[in-house]
1. Just the residues that are crowded, with 19+ Cβ neighbours inside 10 Å and of a type in the set (Gly, Ala, Ser), please, taken from the range 84-98.
2. Residues of the range 123-134 being open to solvent by less than 20 Å² (accessible area, probe 1.4 Å) and within 10 Å of the chain's Cα centre (by Cα), which ones?
3. Between a residue in the range 135-157 that is farther than 15 Å from residue 103 by Cα and any residue that is exposed (fewer than 12 other Cβ atoms within 10 Å of the Cβ) and modelled with pLDDT under 85, which pairs come within a Cβ distance under 7 Å, given they are 6 or more apart or on different chains?
4. Which of the residues belonging to the range 72-83 are in contact with a strand residue (DSSP E or B) (Cβ under 8 Å, 6 or more places away or on another chain) and open to solvent by 10 Å² or more (accessible area, probe 1.4 Å)?
5. Taking the condition over 18 Å from residue 38 (Cα atoms), surrounded by 16 or more Cβ atoms within 10 Å (Cβ to Cβ) and among the small types (Gly, Ala, Ser), does residue 60 pass?
6. So which of 79, 105, 89 is touching a residue at least 24 places away in the same chain (Cβ under 8 Å) and of a type in the set (Val, Ile, Thr)?
7. Name the one entry in 122, 114, 106, 138 that is of a type in the set (Lys, Arg) and within 14 Å of residue 157 (Cβ to Cβ).
8. Determine which member of the set 152, 140, 118 is open to solvent by less than 10 Å² (accessible area, probe 1.4 Å) and not aliphatic (A, V, I, L, M).
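The values are calculated or read from the model by the stated rules, or taken from the named source; none is laboratory data. Keep in mind it's a predicted model, so treat the numbers as computed, not measured. All Cβ positions, glycine included, derive from the backbone under ideal geometry; neighbour counts span all protein chains shown. The protein model used for the area step is the full one, side chains on, heavy atoms only, and it has no ligands, DNA or RNA in it. Shrake-Rupley method; radii C 1.70, N 1.55, O 1.52, S 1.80 Å.
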Amino acid sequence: MTITLGCVSGLGLLAGSLYMLFYGSEGACEEPGARERLARVSAVVPAAAAGTAPVAERSGAECMDDSGEPWMSANSVYTHGGDVQPLITHYWDTATADGWKPVGTRAKAQERFRGVSGMCFRKDVAGEPALLRVGSVRPGEFLVAVESALDGSSMDC
């Protein structure tokens, strides 16, 4: 697999941006090491698909405690040209090549992409379970999110 300098730079920029956004986010992260863990998880997000553009004002990272179990999330929203099949193919292939394990089958990927939870993948990052979600936000926009429970437990897709 050939990795271009642009992909490596893009991943570094994404990881650094998410890390900095997290420090400047509205959420509070009281757990020891949570910010560092989010930075590690964010660093393994697959590269953005070709032909997409980030929507900076709709992207960010935070810690949340809305379910009684604190968790962290780093979200990036992108615009796209309308055809979701190239996005689905890109993220399915890139995520699985990077060791993310899909939840569901490739045959159901388009349905999941358009669904509430999006396509979902699992992977242990630095010894902690993490989720990668990729899905439609609205026509012409999609979300890429990484999530991890602060207590290290597995999360549902």
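1. Result: 95, single match.
2. 130, 131, 132, 134, listed by residue number.
3. 140/82
4. Here is the first cut: in the range 72-83, the ones in contact with a strand residue (DSSP E or B) (Cβ under 8 Å, 6 or more places away or on another chain) are 72-80.
Those that are in contact with a strand residue (DSSP E or B) (Cβ under 8 Å, 6 or more places away or on another chain) and open to solvent by 10 Å² or more (accessible area, probe 1.4 Å): 75, 76, 78, 79, 80.
5. On the way: over 18 Å from residue 38 (Cα atoms): no; surrounded by 16 or more Cβ atoms within 10 Å (Cβ to Cβ): yes; among the small types (Gly, Ala, Ser): yes.
In short, no.
6. On the way: 105 fails: touching a residue at least 24 places away in the same chain (Cβ under 8 Å); 89 fails: touching a residue at least 24 places away in the same chain (Cβ under 8 Å).
That would be 79, the only listed residue that is touching a residue at least 24 places away in the same chain (Cβ under 8 Å) and of a type in the set (Val, Ile, Thr).
7. Numbers: 114 fails: within 14 Å of residue 157 (Cβ to Cβ); 106 fails: within 14 Å of residue 157 (Cβ to Cβ); 138 fails: within 14 Å of residue 157 (Cβ to Cβ).
122 is the lone residue from the list that is of a type in the set (Lys, Arg) and within 14 Å of residue 157 (Cβ to Cβ).
8. Working: 152 fails: open to solvent by less than 10 Å² (accessible area, probe 1.4 Å); 140 fails: open to solvent by less than 10 Å² (accessible area, probe 1.4 Å).
Exactly one residue qualifies, and that residue is 118.
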